[in-house]
Amino acid sequence: MSQQLVDALAEMRENEALALVGEMVKSGTPPLTILSDVRTAMDIIGRRYEEGVYFLPELMLAGEMMNQIMEMVKPGLAGAAVEEHLGKVLIGTVKGDIHDIGKDIVVFMLRVSGFEVFDLGVDVPAEKFVAAIRDFQPQVVGLSGFLTLAFDEMKATVEAIAKAGLRDKVRIMIGGGQIDEAVREFTGADAYGKDAMAAVKLAKGWIGG
Amino acid sequence: MDKLEAAFQRLLSPKGPDGNDVQFQSAEAKANYQASITRIKDAIQLREPDRVPVTVLPSMFPYLNAGMTVEEAMYDYDKCTAAFKQFILELQPDMHIGASAPGPGKFYEILDYKLYSWPGHGVAPEHCYQCNEAEYMTADEYDLFMTDPSFYFRNFYLPRVFGALGGFSMLAPYTSILEMYGVAFNFVPFALPPVQATFQKLFEAGAEALKWAMAMGASDAELTTLGFPTILGGFTKAPFDVLGDTLRGTKGIMLDIYRRPDKLLAAMDRLVPIMIGMGVSAAQQTGKPLIFIPLHKGADGFLSDEQFKKFYWPTLKQVMLGLIENGCIPFPALEGHWSSRLEIIQDVPRGKTVWMIDQTDMAKVKQTLGQNACLIGNVPSSMLRLGTPQEVREYVKRLIETAGQGGGLIVGNGAFFDEARMENVKAMVEAARE
């Protein structure tokens with residue numbers, strides 16, 4: 001493990017972190033060793049976000065650093081073992097709503113927390129959620145929506161999942177600008193989350209880990 | 001008499017576009033109008049009004065509630081204003097914000113507006129328009145922007161967000177037009193077909209914008225004669241949101257905090273007088289002092305308190321002080337949760353600002369910001385949509401108890417809403433009156 005790399009990442013020193021990875025790749029450090037350091041750093045970043053030390057600038061920069069490092073180590077990664085995940089989460093912004101910032105943060109936090117996340121994007125119709133539950137087989141489904149119109153669409157999506165006979169296969173969480181307990185009850189979802197950490201806690205509570 | 005006092009005096013004796021006194025439809029309408037203005041003025045200036053004033057600040061609700069789609073409200077200006085009038089007559093609030101929220105659909109179409117998707121253009125007829133976030137200004141364009149923001153907007157930003165304004169990218173900077181020698185070269189682009197095509201579209205779009213603005217003006221004027229005032233003069237934005245919402249985008253600006261903090265700070269400084277000017281000139285044109293400032297990326301969870309103090313607040317405060325100096329009333333909306341910022345933002349001149357509160361705890365707001373500023377809010381959207389009239393009444397009663405002491409409260413909804421139960425909205429207004 002390179003403590004220097006972990007520190008550079010966790011302290012948001014982007015240039016230093018990328019230079020270190022460049023050197024490590026050059027000197028033949030195995031990609032999985034580098035990625036394990038990245039994972040260690042991302043855990044620290046996630047914890048600091050949870051503790052209210054880090055906010056969006058840090059999460060966004062962490063995501064950028066992670067993507068750049070993935071590109072750098074990718075050539076050496078072919079055939080390497082895929083890492084184990086805690087569980088699967090399917091997520092998307094419901095039909096009629098094209099807001100993605102909140103959802104993207106939730107996706108990022110779930111991924112750095114060890115979940116395999118399938119992100120359907122924005123303006124996702126109920127049928128698409130249903131089809132993806134069949135194919136991807138997640139334990140948790142996250143419905144995102146920023147507008148008041150999302151209340152009805154979330155309810156319709158939960159109903160469509162039930163109608164397809166899949167309601168008891170998944171736990172459903174909702175989140176977004178105006179979502180609260182009253183909306184959760186209205187939509188028939190299992191829980192709502194106020195922020196990305198709440199989503200991670202819910203997923204961990206349901207799946208374990 | 002200071003500028004704001006003069007603005008209120010003008011509002012109390014409104015004049016029509018012809019310069020003559022507005023003819024109210026009845027003596028009662030005139031009395032109601034003046035009582036509402038006085039009530040709002042007292043609330044803003046932190047004096048106890050005769051009763052707590054109430055407002056309704058909807059997004060698409062008046063139009064959906066009238067049984068039309070958002071698309072219809074955006075394309076049929078008469079239907080739009082008729083629905084809004086009906087809405088105001090039914091609720092009778094002390095203050096409204098006009099029927100301009102849907103905007104002119106045809107105008108956006110003529111200019112091929114790409115920054116938003118709207119009904120028939122990317123969203124369903126019954127849904128509200130939504131912003132397409134992207135990096136419309138790239139990270140390496142800060143210097144270009146700061147050198148001449150208007151040139152940057154015309155030649156780079158506008159062609160990216162309006163498909164029909166591509167011709168702008170070929171124009172020379174106006175600041176090159178200096179003296180006889182060489183002056184004609186600057187005008188050569190106007191001979192080029194893409195530039196001429198852009199100007200043709202602009203004439204068409206201008207005509208449509210005028211048609212819509214006339215409908216909105218007539219609507220406000222009619223509501224005035226019926227006794228229902230609006231004091232909303234226009235809007236401006238916090239410099240951080242100017243860059244973060246539609247130029248650099250959320251991700252762009254968050255990364256800039258780490259990658260190019262000095263450029264970001266300098267660009268925001270450059271925007272301060274521009275954003276003051278935007279609000280002041282709108283207030284002058286409309287004769288109304290309230291300047292709306294929707295606040296987005298300073299909410300809890302976006303930035304740390306340190307980042308907020310360094311990047312978000314200083315230039316926003318400067319914009320507000322500039323507005324106040326020019327007789328305007330800054331009207332920032334704290335969208336989402338802002339608990340962690342209250343102690344920072346309470347540092348504003350007393351009795352000069354109005355804040356729309358969304359989900360921040362009103363008791364906390366009253367103890368901090370509310371000591372210096374009037375608050376509007378904060379009946380939740382979810383309650384208006386899913387609650388019962390009884391719940392709304394109880395909420396408003398509690399609200400007045402917690403935040404109404406000594407003036408400084410205007411009862412209203414916390415966030416602009418599209419969908420609700422009319423009986424709940426009505427309960428909100430009635431409860432405030434009781």
Within the stretch A:187-209, which residues are within 14 Å of chain B (Cβ to nearest Cβ), crowded, with 16+ Cβ neighbours inside 10 Å and under 17 Å from the mean Cα position of the chain (by Cα)? A:Tyr192, A:Gly193, A:Asp195, A:Ala196, A:Met197, A:Ala198, A:Ala199
In the stretch B:117-158, anything among the polar types (S, T, N, Q) and within 14 Å of chain A (Cβ to nearest Cβ) is listed as B:Ser117, B:Gln130, B:Asn132
3 or more residues within 30 Å of A:Thr187 (Cβ to Cβ): qualifying helices (runs of 4 or more DSSP H) within the stretch A:1-95: A:31-50, A:56-73
So in the stretch B:294-309, with the set limited to residues that are buried (at least 23 other Cβ atoms within 10 Å of the Cβ) and of a type in the set (A, V, I, L, M), which one is nearest to the other protein chains (Cβ to nearest Cβ)? B:Leu303
Go through the stretch B:343-362 and report how many residues are touching a Ser or Thr at 6+ places or on another chain (Cβ under 7 Å) and farther than 18 Å from B:Ile44 by Cα. 3
For A:Tyr49, state whether it is modelled with pLDDT of 85 or more, closer than 29 Å to B:Cys131 by Cβ, of a type in the set (Ser, Thr, Tyr) and touching a Phe, Trp or Tyr at 6+ places or on another chain (Cβ under 8 Å). yes
Scanning for something assigned to a helix (DSSP H, G or I) and of a type outside the set (Gly, Ala, Ser), does the stretch B:288-304 turn up at least one residue? no
Hey, among A:Arg111, A:Arg184, which residue is touching a strand residue (DSSP E or B) at 6+ places or on another chain (Cβ under 6 Å), under 19 Å from B:Arg385 (Cα atoms) and either within 14 Å of chain B (Cβ to nearest Cβ) or part of a helix (DSSP H, G or I) (or both)? A:Arg184
For the subset of the stretch B:247-296 comprising residues that are hydroxyl-bearing (Ser, Thr, Tyr) and modelled with pLDDT of 95 or more, which member is nearest to B:Phe153 (Cα to Cα)? B:Ser281
Is it the case that the stretch A:36-47 has a residue that's within 12 Å of chain B (Cβ to nearest Cβ), surrounded by fewer than 22 Cβ atoms within 10 Å (Cβ to Cβ), closer than 30 Å to B:Lys309 by Cα and under 20 Å from the mean Cα position of the chain (by Cα)? no
Give the stretch B:222-246 a look and list any residue that's more than 19 Å from the chain's Cα centre (by Cα) and either at pLDDT below 95 or among the polar types (S, T, N, Q) (or both), or say none. B:Thr224, B:Thr225
Could you please give the count of residues in the stretch B:97-143 that are among the hydrophobic types (A, V, I, L, M, F, W, C), surrounded by fewer than 18 Cβ atoms within 10 Å (Cβ to Cβ) and assigned to a helix (DSSP H, G or I)? 1
Can you find a residue that is within 14 Å of chain B (Cβ to nearest Cβ), closer than 21 Å to B:Cys128 by Cβ, surrounded by fewer than 23 Cβ atoms within 10 Å (Cβ to Cβ) and in contact with a Gly (Cβ under 6 Å, 6 or more places away or on another chain) anywhere in the stretch A:139-153? yes
Determine if the stretch B:252-263 includes at least one residue that is farther than 23 Å from A:Ile105 by Cα and touching a residue at least 12 places away in the same chain (Cβ under 8 Å). yes
One residue is enough: does the stretch A:95-102 have a residue meeting the conditions among the charged types (D, E, K, R) and under 18 Å from B:Leu386 (Cβ atoms)? yes
If you go through the stretch B:317-331 one residue at a time, how many are crowded, with 24+ Cβ neighbours inside 10 Å and not in a loop (DSSP other than H, G, I, E, B)? 6
Might you let me know whether the stretch B:345-352 holds any residue that is away from every other protein chain (no Cβ under 14 Å), assigned to a helix (DSSP H, G or I) and closer than 26 Å to B:Phe417 by Cβ? yes
Residue check, A:Asp119 closer than 19 Å to A:Val200 by Cβ, in the same structural domain as A:Val94 (by TED's automatic domain parsing) and charged (D, E, K, R): yes
For the stretch B:96-139, give me the residue count where each residue is touching a residue at least 12 places away in the same chain (Cβ under 8 Å), among the small types (Gly, Ala, Ser) and out of contact with any Lys or Arg (no Cβ under 9 Å at 6 or more places or on another chain). 7
Residue identified as away from chain B (no Cβ under 14 Å) and in contact (Cβ under 8 Å) with a residue 24 or more places away in the chain among A:Ile98, A:Ile69: A:Ile69
Search the stretch A:114-138 for residues being within 17 Å of A:Leu86 (Cα to Cα) and crowded, with 23+ Cβ neighbours inside 10 Å, and hand back the single one that is modelled with the lowest pLDDT. A:Phe115
Which of the residues belonging to the stretch A:164-181 are in contact with a helix residue (DSSP H, G or I) (Cβ under 8 Å, 6 or more places away or on another chain) and either more than 25 Å from A:Glu116 (Cα to Cα) or away from chain B (no Cβ under 13 Å) (or both)? A:Ala164, A:Leu166, A:Arg167, A:Lys169, A:Val170, A:Arg171, A:Ile172, A:Met173, A:Gln178, A:Asp180
Which numbered condition A:Ala162 misses (of (1) more than 28 Å from B:Tyr116 (Cα to Cα); (2) within 17 Å of the chain's Cα centre (by Cα); (3) of a type in the set (Gly, Ala, Ser); (4) surrounded by fewer than 17 Cβ atoms within 10 Å (Cβ to Cβ)): (2)
Here's a check for you: in the stretch B:370-385, which residue that is touching a residue at least 12 places away in the same chain (Cβ under 8 Å) and part of a helix (DSSP H, G or I) is farthest from the other protein chains (Cβ to nearest Cβ)? B:Gln371
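The values are calculated or read from the model by the stated rules, or taken from the named source; none is laboratory data. Because the structure is a prediction, the values reported are computed rather than measured. When we count neighbours, we look across all protein chains shown, and the Cβ atoms used for this are built from the backbone with ideal geometry, even at glycine.
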